[in-house]
1. What are the ³J(HN,Hα) values, in whole Hz, obtained from phi via the Karplus relation 6.51 cos²θ - 1.76 cosθ + 1.60 with θ = phi - 60°, for each residue of the range 63-73 in sequence order, with x given for Gly and Pro?
2. In percent, how large is the relative contact order of the chain, given Cα pairs closer than 8 Å and 6 or more residues apart?
3. What list do you get for R85, R50 if you sort them by fewest beta carbons within 10 Å?
4. Under 10 Å, Cα contacts only: if you run a Gaussian network model on the chain, which one of L124, L113, L74 comes out with the highest mean-square fluctuation?
5. Exposure proxy check: E82, E101, E119 ranked by fewest other beta carbons within 10 Å?
6. Between A29, A118, A38, where does the largest GNM mean-square fluctuation fall for the chain, given springs only between Cα atoms within less than 10 Å?
7. Under a cut-off of 12 Å between alpha-carbon atoms, report the aspartates and glutamates in cross-link reach of K125, not counting same-chain residues fewer than 8 places apart.
8. List the residues, sorted by chain then number, that are 5 or more residues from Y131 or on another chain and whose placed amide H is less than 5 Å from its amide H.
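Since every read-out is calculated from the coordinates, none of them should be taken as a lab result. None of the values given here were measured: they were computed from a predicted structure. When we count neighbours, we look across all protein chains shown, and the Cβ atoms used for this are built from the backbone with ideal geometry, even at glycine.
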Amino acid sequence: MIFSKELSVGNRIIDSEHKNLHGIINGIAGLIEARDIATLHEAFELLENRLHAYFAVEETVAQAVNFDFTQHKLSHQRLLSEFRRIKHGLMSKNGLWTKLEKAGHITSLRKCLARHIAEDGKPLKIVLSEYLYDFKPDSGGGSGLQGIA
C-alpha cells in the first residue's frame, strides 16, 4: 500500500504521521505473509505506540486551529479498537491462518487506516485547507496561527 495524495489532510505534520503508520502497516503485512508471530506481536506494539503519538499530534494541530476534536477523538478509539481486534485474531491463530484469512487481515488493516484518514479526517481536512501545508502549532504560547493561507 502506497500513501497517495488523496490521503493527504493538507498538513505536513499529520501527513507525516499517516505515512509512518502506513509504513508500519506495510511491515505488519509482510510479517503476516511470513507468519512471523514473535515479530508480528512486536510490530503491533509499535503500531499501537505510534497510534498514541499520532493521536496526540493530531489533537495538538486540531486545537491550534480551533477544531472541535470530540468526534475525531472517538474515531481514534474506534481505530485503535479495530487494530486490536485484528491483532487478537491473528495472535489467536498463532500463525496458522488460511490464505483467505491472511488476505482479509491485511486488507482490513489497510482499509481501517485509509478510511480513518479519508472519512473521519474529512472535517479536519476542511479546516486545515485554510492553513499552509507547513502549518505548525505555535509552541511559544502565541496564537498558533502562523501559517494561515
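1. Whole-Hz 3J(HN,Hα) from phi for the range 63-73: 5, 5, 9, 6, 8, 5, 8, 4, 5, 5, 4.
2. On the way: 133 pairs, mean separation 52.5, N = 149.
This gives 35 percent for the chain.
3. Numbers: R85 12, R50 15.
Neighbour counts put them in this order, fewest first: R85, R50.
4. Result for the chain, Cα springs under 10 Å: L74 fluctuates most.
5. Numbers: E82 17, E101 14, E119 10.
Fewest-to-most Cβ neighbours within 10 Å comes out as E119, E101, E82.
6. A38
7. Correct list for K125: E6, D15, E58.
8. Placed amide hydrogens put A149 under 5 Å from Y131.
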